[in-house]
Amino acid sequence: MTTIQVTPGLLARYDVPGPRYTSYPTVPAWTVPFGPAEYREALRELARLERDPVSVYVHLPFCAYRCHYCACNVTVATRTGVVDRYLDRVERELDLVTEILGRERRALQLHLGGGTPNFLTAAQFGRLTDLLEHRFAFATEAERSLEADPRLVTREQLVTLRELGFQRISYGVQDFDPVVQAAIGRVQPAAVVTKAVELARETEFEGINIDLIYGLPEQTAARFAHTLEAALTLRPDRIACYNYAHVPQVRANQRLVDASALPSREDKFHLFRMAVDRFTGSGYEWIGMDHFARRADDLALAARERRLHRDFMGYTTGPAPHLLAFGMSAIGDVAGRYVQNVPRTGEYQRVLDAGELPVERGHCLSDDDRIRRRAILHLMCNLELPHGLVPRPEEESHACLRALVDDGLITAHNDRYVVTPIGRYFLRNVAMALDVYLPQQLMAPRPIFSRTV
């Protein structure tokens, strides 16, 4: 364990709700009306930027069952026919977008998220890939990745995915302990996860990632230590260790979580420190806020070369300046605008059946937004803030940052602020000092382990 000392007073002061900053401004700040007309204008502007490549994201919301802890936009399904009907609408959305943008736009990245993307059958994977490849020109070096539930993985499925060009797979593990698994409604024996990882290696996936969550009910230091050792035994290329956000007032399924069994503020912080110490002590580099990667992995290389990017998919190598997103609830970043589709499957389908883009909200970045976004994303990726990126009015920004200096979260240098070893655990809090959209009563810094996203 590191010798970093964090006092209970410091923890209490920074344990307040705060964003993860996968965008700036964050979604709750998108209050100006933004709909299909505004998205069409963004697409027209992107069409004029003919040389700009794109990344593509498709949200596949289907799950066989809903876990208690889950805060994602998912649809529980028992029949594959509902997926076929959903793909019909994704095809319509693709057509509406490419009618404006044009086909054959160069694409550098494809990611399938969910939900449970590997809920799809081989035929459905093939259909979706064809839909995309007939509308975008995927570069030879394009990264294709997807999220997957280890419980649904088969060798045949992974062979299909490799044949379709997918090279990276991310398994949702969350925790290996049976008691914790029962508490979160996701029983997943370690042998199942081990087999899924072995199959991914046997079918020659180039990158294997696993997701863990800390702060879950019934997690203790001893149980989490076992989870960390089990994760390391799998030798994944990347590990994401996310904070559990308990928001039963937003996600009804989380009411099934026993709040009295959640770790305390101090215990939760200790769990994440355990993860940092164990992973970095085993050859992984700590990337940004909550990712870990082997030194030879592209993500670690991007971090060392200061090419790391952060968007709605988390930390990425960020090869493209625009993100086109398809499917219910999907969020894109197009020509200086954020855009989000309606988050309800039925409504998503009805809007497309009416021939309209399924946009529910969005945001057109102002000049100040762009300045602050650049500063916050640089901070989240590079753990520093050069004075040249400090937003105006500079005296106000410097005053907020000096408060963090006083608390030991950052240090001030002649030309920049640098996040300290203690401040690394409070990275989102440091970023919040630059966020002008936060309600005044929430302007106190917020930690990585806060209880909302």
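The values are calculated or read from the model by the stated rules, or taken from the named source; none is laboratory data. Here the structure is a predicted model, which means the values were calculated and not measured. Every residue, glycine among them, receives a Cβ derived from its backbone with ideal geometry; neighbour counts consider all protein chains shown. The area values use the complete protein model at the heavy-atom level, side chains included, leaving out ligands, DNA and RNA. Shrake-Rupley method; radii C 1.70, N 1.55, O 1.52, S 1.80 Å.
Quick check, is Glu384 more than 23 Å from Gly115 (Cβ to Cβ) and at pLDDT below 95? Please lay out each step first, then the result.
Values: more than 23 Å from Gly115 (Cβ to Cβ): yes; at pLDDT below 95: no.
No: the conditions fail for Glu384.
Only one of Gly185, Gly165, Gly172 is touching a residue at least 24 places away in the same chain (Cβ under 8 Å) and under 25 Å from Arg273 (Cα atoms); which?
Gly172
Do we find that Thr140 is touching a helix residue (DSSP H, G or I) at 6+ places or on another chain (Cβ under 8 Å), farther than 13 Å from Val54 by Cα and not charged (D, E, K, R) in this structure?
Answer is no for this residue.
Just wondering, is there one or more residues in region 212-228 that are modelled with pLDDT under 95, within 22 Å of Val6 (Cα to Cα) and buried (at least 19 other Cβ atoms within 10 Å of the Cβ)? Write out each step before concluding.
If we filter region 212-228 for residues that are modelled with pLDDT under 95, which is where we start, we get none.
No; the residues of region 212-228 include none that is modelled with pLDDT under 95, within 22 Å of Val6 (Cα to Cα) and buried (at least 19 other Cβ atoms within 10 Å of the Cβ).
Hey, does region 127-136 have a residue that's touching a helix residue (DSSP H, G or I) at 6+ places or on another chain (Cβ under 8 Å), more than 23 Å from Val97 (Cα to Cα), open to solvent by 10 Å² or more (accessible area, probe 1.4 Å) and not hydrophobic (A, V, I, L, M, F, W, C)?
Looking for residues that are touching a helix residue (DSSP H, G or I) at 6+ places or on another chain (Cβ under 8 Å), more than 23 Å from Val97 (Cα to Cα), open to solvent by 10 Å² or more (accessible area, probe 1.4 Å) and not hydrophobic (A, V, I, L, M, F, W, C), one finds none in region 127-136, hence no.
Could you grab me the full set of residues in region 70-92 that are buried (at least 20 other Cβ atoms within 10 Å of the Cβ) and at pLDDT 95 or above?
Once the filter is applied, which keeps residues that are buried (at least 20 other Cβ atoms within 10 Å of the Cβ) and at pLDDT 95 or above, region 70-92 yields Val83, Tyr86, Arg89, Val90.
Hey, any hits in region 256-263 for a residue that's within 24 Å of Gly288 (Cβ to Cβ) and of a type outside the set (Gly, Ala, Ser)?
yes
Could you say whether any residue in region 355-375 is surrounded by fewer than 17 Cβ atoms within 10 Å (Cβ to Cβ), in contact with a Ser or Thr (Cβ under 8 Å, 6 or more places away or on another chain), part of a loop (DSSP other than H, G, I, E, B) and free of Cβ contacts under 8 Å to residues at least 24 places away in the same chain?
no
Could you look through region 335-354, keep only residues that are open to solvent by 20 Å² or more (accessible area, probe 1.4 Å) and part of a loop (DSSP other than H, G, I, E, B), and pick out the one that is farthest from Leu49 (Cα to Cα)?
Going through the qualifying residues, I end up with Arg344.
Using the structure shown, decide if Arg48 is touching a residue at least 40 places away in the same chain (Cβ under 8 Å) and open to solvent by 60 Å² or more (accessible area, probe 1.4 Å).
On the way: touching a residue at least 40 places away in the same chain (Cβ under 8 Å): no; open to solvent by 60 Å² or more (accessible area, probe 1.4 Å): yes.
Considered against the rule, which asks whether it is touching a residue at least 40 places away in the same chain (Cβ under 8 Å) and open to solvent by 60 Å² or more (accessible area, probe 1.4 Å), Arg48 comes out as no.
Take the conditions touching a Leu at 6+ places or on another chain (Cβ under 7 Å), under 30 Å from Gly283 (Cβ atoms) and either open to solvent by 40 Å² or more (accessible area, probe 1.4 Å) or among the small types (Gly, Ala, Ser) (or both) and apply them to Ala302. Does it pass?
Working: touching a Leu at 6+ places or on another chain (Cβ under 7 Å): yes; under 30 Å from Gly283 (Cβ atoms): yes; either open to solvent by 40 Å² or more (accessible area, probe 1.4 Å) or among the small types (Gly, Ala, Ser) (or both): yes.
Here the answer is yes, as Ala302 does meet what is asked.
Only one of these conditions is not met by Arg370: (1) closer than 30 Å to Gln219 by Cα; (2) at pLDDT 95 or above. Which number is it?
Exception for Arg370: condition (1).
Of (1) open to solvent by 20 Å² or more (accessible area, probe 1.4 Å); (2) touching a helix residue (DSSP H, G or I) at 6+ places or on another chain (Cβ under 7 Å); (3) of a type in the set (D, E, K, R), Asp175 satisfies all except one. Which?
For Asp175, the exception is condition (1).
Would you check if there is a residue in region 93-108 being of a type outside the set (D, E, K, R), open to solvent by less than 60 Å² (accessible area, probe 1.4 Å), modelled with pLDDT under 95 and in a helix (DSSP H, G or I)?
no
Suppose the filter is touching a residue at least 12 places away in the same chain (Cβ under 8 Å), buried (at least 17 other Cβ atoms within 10 Å of the Cβ) and either among the aliphatic types (A, V, I, L, M) or more than 18 Å from Asn243 (Cα to Cα) (or both); does Ala259 pass it?
On the way: touching a residue at least 12 places away in the same chain (Cβ under 8 Å): yes; buried (at least 17 other Cβ atoms within 10 Å of the Cβ): no; either among the aliphatic types (A, V, I, L, M) or more than 18 Å from Asn243 (Cα to Cα) (or both): yes.
Against the criterion (touching a residue at least 12 places away in the same chain (Cβ under 8 Å), buried (at least 17 other Cβ atoms within 10 Å of the Cβ) and either among the aliphatic types (A, V, I, L, M) or more than 18 Å from Asn243 (Cα to Cα) (or both)), Ala259 does not qualify.
Just to confirm my filter: which helices (runs of 4 or more DSSP H) fall fully inside region 115-231 and include at least 3 residues that are closer than 30 Å to Ala259 by Cβ?
178-184, 190-202
Please indicate, with yes or no, whether at least one residue in region 271-289 is assigned to a loop (DSSP other than H, G, I, E, B) and under 22 Å from the mean Cα position of the chain (by Cα). I'd like the intermediate steps shown before the answer.
Within region 271-289, the first condition is being assigned to a loop (DSSP other than H, G, I, E, B), and the residues that meet it are 281-283, 288-289.
If we keep only those that are under 22 Å from the mean Cα position of the chain (by Cα) too, we end up with 288-289.
Scanning region 271-289 turns up at least one residue that is assigned to a loop (DSSP other than H, G, I, E, B) and under 22 Å from the mean Cα position of the chain (by Cα).
Where the second residue is crowded, with 16+ Cβ neighbours inside 10 Å and the first is without any contact (Cβ under 8 Å) to a residue 60 or more places away in the chain and lies in region 64-78, which pairs have Cβ atoms under 6 Å and are six or more apart or on separate chains?
Val74/Pro61; Val74/Cys63; Val74/Gly115; Val76/Cys63; Val76/Arg66; Ala77/Phe62
Might you check whether a residue that is of a type in the set (Val, Ile, Thr), in contact (Cβ under 8 Å) with a residue 12 or more places away in the chain, surrounded by 18 or more Cβ atoms within 10 Å (Cβ to Cβ) and closer than 21 Å to Val187 by Cβ occurs anywhere in region 232-243?
no
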